[in-house]
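Heads up: the structure comes next, in C-alpha cells.
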Amino acid sequence: MNKIKSFKSHALVRHCLLVMVGMLCALPSWAREVVENGVKYEVNEQERKAVVVDFDDGLSSTTEIQEYVSGYLVSGIESYAFRNCYRLESITIPASAFNIGDHAFFYCYRLKSIKMTDSNYSQDYHYSIGDNAFDGCSSLSSINIPSSVTSIGNYVFERCSSLTSMNIPSSVTSIGRSAFSYCSSLTSISIPSSVTRIEGYAFRGCISLPSINIPSSVTSIDEFAFDGCSSLTSINIPSSVTSIGGDAFQDCSNLKTVRFKGKMPPLIGYDIFDGISDLKVYVPHGALEAYKNALGDNVNNVGIIEENQSTLYPQALELFTPDYTSLVPSNANAKQVAAVQNKADYTANDGLIVDASQLSSNAVEPTEGSLAALIDNDRSTFFHTTWTETNTTGAWHYLQMDLRASYKQIVLKYTKRQEYNSGTPVKLHVYATNTPDAAGGWEDLGTQTCTYDYESAQTGILPLSLGNGYRHVRLIVKETADNQKVNGNLFFYWSELHAYHRPCKADVLDEAKRSALTTAMAQAKKEMDAGQETSKTTDALQDALTDAENFISLKKWKAVDFAKSFYLTAYSDKPMAVPTGMQAAIVLADNNGGIRTDYCYNAGDVIPAHTGVLLKSGKGNAFHLPIAATAEDAPEGNLLHGTLTDEITYAEGCDRYYKLSYDFETRSVIGFYWAEDNAAPFLNKAGKAFLALPSDAKVAICGVSLNELAEGATTAIRPITDAPTAPFRAYTLDGRRVNAASQGELKKGFYIINGRKVMVK
C-alpha cells in the first residue's frame with residue numbers, strides 16, 4: 001500500500017513538472033504562429049512584426065518571403081530557421097528581413113540562389129548576417145549582399161564551394177572569422193575600404209582566388225587569413241597594416257611576389273610564408289634591416305629585396321600635365337559639370353566599322369578566327385589569317401576595310417590577342433582606294449608602326465592620313481612580334497580593330513603622350529619586379545597615366561568659359577573654310593544616353609557640305625565663313641540637320657526637334673531645347689542647323705552646355721559668303737551721307753569713312 005501511494009506521488013510530481021514546462025514553452029499571450037507557403041512565422045502582436053522561425057512540408061523549392069505576412073512586417077529570419085533544408089533551391093528575402101540569425105540556412109546543400117534587394121525602407125536600418133548563416137551551402141553560386149548590411153558574422157559562407165564571386169558593399173565594416181574559408185571556386189572578391197580587419201581564416205582554402213586587393217583601410221591581417229590560397233601569385237600589403245598573424249599566407253604555393261608599402265614594418269607573426277618557395281619580398285628603400293628583424297625566421301625561405309630609390313623615366317612623368325580648369329567653367333552649373341564628368345572615349349559603337357561585311361582578307365582562317373571577332377568588343381575572341389591551309393608561298397596577308405564613306409583622316413584602335421604576343425602586327429603597309437575592284441586603283445600610303453602596351457591595355461592608337469580621301473583601306477602586315485611563318489607566309493592575329501573619323505589634332509598628340517606613358521609604365525613594372533624600381537616612381541607613373549586617360553576622355557566634352565565664347569548654328573550646301581579664331585563642332589550621341597559635341601574642325605579645316613555644325617568664336621569677334629574647295633563627306637553620326645532656305649523644319653525618321661536656345665526656367669543656360677508647341681516642327685532660318693531626334697532616342701534634351709546668349713541678340717558671325725566684301729560708306733562731320741563709291745570720288749576735306757576720321761587731300 002505504501003508502495004502504491006509512493007508511486008502515485010511520484011506520478012503527480014512528474015505531471016506537474018510537465019505542465020510547468022509546457023507553460024514555460026508556450027508562446028506568450030502577445031505572440032502566435034502563422035504558416036504561409038510552407039514558411040512558419042512567429043508574430044509579435046504588440047510590435048506588429050513577424051520573424052521566420054521554421055518551415056514545414058509545404059515549403060517550395062523556390063520560396064519568396066513577403067515583406068508582410070497577415071499584415072505584420074517580417075523583420076528577420078531567426079537562427080536555425082531553414083537548417084538542413086534539403087528542399088530549398090532559391091529564396092528571395094525582403095529588405096525588411098536582412099537580420100539573418102546564426103545557422104539560418106546551415107547545410108542547405110541544394111540552395112543555389114539568394115536574392116536580397118535594397119529598398120527605401122531599409123535605408124534607416126542596419127542589418128547583419130549571423131554566424132554560419134550559409135555555412136555548407138555547397139550549391140550556392142549567386143548572392144547579392146545589399147548596402148543595408150553592416151556586418152558579416154563568423155563562418156557565414158564557409159564551404160560554399162560553388163560560390164565564384166562576391167561584391168561586399170561599402171556598408172560592411174566587419175567580416176568575421178572564416179567567413180569565406182574553403183570557398184574553393186571563388187575567383188573574385190571585392191573588399192570595401194570600410195573594412196579595417198581581415199579576421200583569422202577568412203579566406204582559408206580559397207584555392208581558385210588569383211588575386212585580392214587589400215584596401216588601405218585594413219590595419220590587421222589575422223592568423224591563417226589566406227592559408228592555402230594556392231592560386232595567389234602576388235599581393236600588396238598597404239602601409240596601413242600594423243599586424244600580420246601567424247601562418248597568414250601559409251601554403252600559398254604559387255605566391256611569388258609580396259610588396260610591403262609601409263616604411264615601418266608591421267608586427268609579423270610566425271611562419272607567415274610557410275610552405276612557399278622562390279618568394280621575393282620587396283620592401284621600401286631604407287627599410288631593409290627593419291623588415292629583416294620584423295620577419296625574423298620568415299627570412300629563411302624568402303628573398304628580401306630593397307627597392308631602389310632612384311626614379312626612372314622622369315621624362316615620362318613630365319609628358320602629361322592636364323589642365324582640367326580648361327574643361328570646367330568657374331561658374332558651371334550642375335548640368336555642365338555632369339556633361340564634363342560624363343566621360344566618352346572611342347568605343348565600338350562610335351566606329352566606322354559596324355558590320356563584319358565591311359571587313360575582308362585574302363587569308364581568312366577557315367576553322368577559327370573569324371572577321372566578326374574583330375568588332376565584337378570581346379578580347380577573348382580574335383581574328384587571324386590562315387595557318388592551316390597552304391597559301392601562295394611568300395604571299396603577304398592583308399586585312400581590308402570598307403568605311404562606307406570617303407575620309408581624309410581616320411584613327412585605328414587595335415588590340416592584340418589576349419595573353420599571346422606571337423603574330424601581333426608591328427609593321428603595316430597601308431593602301432587606299434575608292435575603286436577596290438579596279439586594277440591598279442590602290443594608292444600607296446606608306447608603312448606605319450604599331451605600338452602596344454604588352455603589360456596592361458595591350459591596345460594601340462594609330463592616326464592615318466588618307467590623302468585626298470578614300471573609302472577602302474587595305475592593311476598589309478609586313479612584320480609581327482616574332483615574324484613566325486607557315487609555308488613561307490607571315491600570319492598575324494588581332495583581337496579587336498576599330499576605325500574612327502579623325503579626332504582633333506590635339507587629341508592625337510594627347511594619345512601619343514598617353515601611349516608613351518603606358519610604355520614607360522610597362523617597363524617600370526618589369527624593372528620593379530626585378531628589384532630595380534621604386535614604388536614611388538611606379539605610383540607616380542600610374543597617376544600620370546590615369547590623368548592622361550581621364551583627360552583625353554574628358555576632352556570629348558567642351559565645357560567653356562561663358563564670358564568669353566559665342567555660339568551659332570550653321571548649315572550650307574557648300575564646303576566652308578574655318579577661319580582663325582573659330583571652331584566648329586558636330587553633335588554626336590554618347591554611350592550614356594546623352595549627347596556630346598566633338599570639336600574636330602579647327603582653323604584651317606574645311607567643314608564638308610551638308611554638315612550641320614555648332615560654331616564657336618570669341619565674343620565680339622566677327623568672321624566670314626568663305627566657300628571652300630571640295631572636302632570630305634559629311635561625318636556619320638552627326639545629329640545636327642539644317643535648312644538652306646526659310647522653311648518648316650522636318651527631318652526623316654525624327655519627330656522631336658530642338659533648337660539652340662535658353663533654358664527658360666533658369667534663363668541662364670543655353671543649349672538645345674525643345675522647339676515651340678511641344679516639339680512640333682518650327683520655322684527654321686536659312687543656313688541654320690537644328691537637332692532632330694526620334695521620340696524614343698535616349699538623349700538628353702539639353703545635352704550640350706553652351707555660353708549665355710541673350711534672346712534676340714545678334715551674333716558675331718556673319719552669313720556665309722563667297723568672298724568677304726565691305727561696302728564703302730562715307731559721311732561728313734555733321735553726319736550727312738556722301739554719295740560716292742570710293743574714296744577717290746570725294747572732294748577735299750574731312751570725312752567719316754567706315755567709322756574712322758579720314759582727311760582727303
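The values are calculated or read from the model by the stated rules, or taken from the named source; none is laboratory data. Everything numeric here is computed off the predicted structure, so don't read it as measured data. Positions of Cβ are backbone-derived with ideal geometry, glycine not excepted, and every protein chain shown enters the neighbour counts.
Side notes on the structure shown:
- Residue that is modelled with the lowest pLDDT, among those in the range 89-116 that are in a strand (DSSP E or B) and either farther than 22 Å from Asn167 by Cβ or of a type outside the set (D, E, K, R) (or both): Met116
- Enumeration of residues in the range 622-648 that are in contact with a strand residue (DSSP E or B) (Cβ under 8 Å, 6 or more places away or on another chain), over 30 Å from Val354 (Cα atoms) and in a loop (DSSP other than H, G, I, E, B): Ala622, His624, Leu625, Ala628, Ala629, Asp646
- Restricting the range 368-404 to residues that are closer than 25 Å to Ala432 by Cβ and modelled with pLDDT under 80, the residue that is surrounded by the most Cβ atoms within 10 Å (Cβ to Cβ): Asn391
- Whichever residue in the range 473-501 is in contact with a Ser or Thr (Cβ under 6 Å, 6 or more places away or on another chain) and on the phi > 0 side of the Ramachandran plot and, among such residues, is modelled with the lowest pLDDT: Asn487
- Single condition Asp278 does not satisfy, out of (1) of a type in the set (D, E, K, R); (2) touching a residue at least 24 places away in the same chain (Cβ under 8 Å); (3) surrounded by fewer than 20 Cβ atoms within 10 Å (Cβ to Cβ): (2)
- Restricting the range 55-72 to residues that are surrounded by fewer than 18 Cβ atoms within 10 Å (Cβ to Cβ) and assigned to a strand (DSSP E or B), the residue that is farthest from the chain's Cα centre (by Cα) is Tyr68.
- The one condition in (1) in a strand (DSSP E or B); (2) surrounded by fewer than 17 Cβ atoms within 10 Å (Cβ to Cβ) that Tyr407 fails to fulfil: (2)
- Yes/no for Thr645 being at pLDDT 85 or above and within 35 Å of the chain's Cα centre (by Cα): no
- Single match in Ile304, Ile276, Ile272 (criterion: touching a Leu at 6+ places or on another chain (Cβ under 6 Å) and either modelled with pLDDT under 85 or of a type outside the set (Asp, Glu) (or both)): Ile276
- The range 41-60 residues that are more than 23 Å from Leu88 (Cβ to Cβ), paired with ones that are of a type in the set (Phe, Trp, Tyr) and outside any loop (DSSP other than H, G, I, E, B) (beta carbon under 7 Å, 6 or more apart): Arg48/Tyr72; Lys49/Tyr72
- Annotation: of all residues in the range 608-625 being over 39 Å from the mean Cα position of the chain (by Cα) and farther than 20 Å from Ile586 by Cβ, the one that is modelled with the lowest pLDDT is Gly620.
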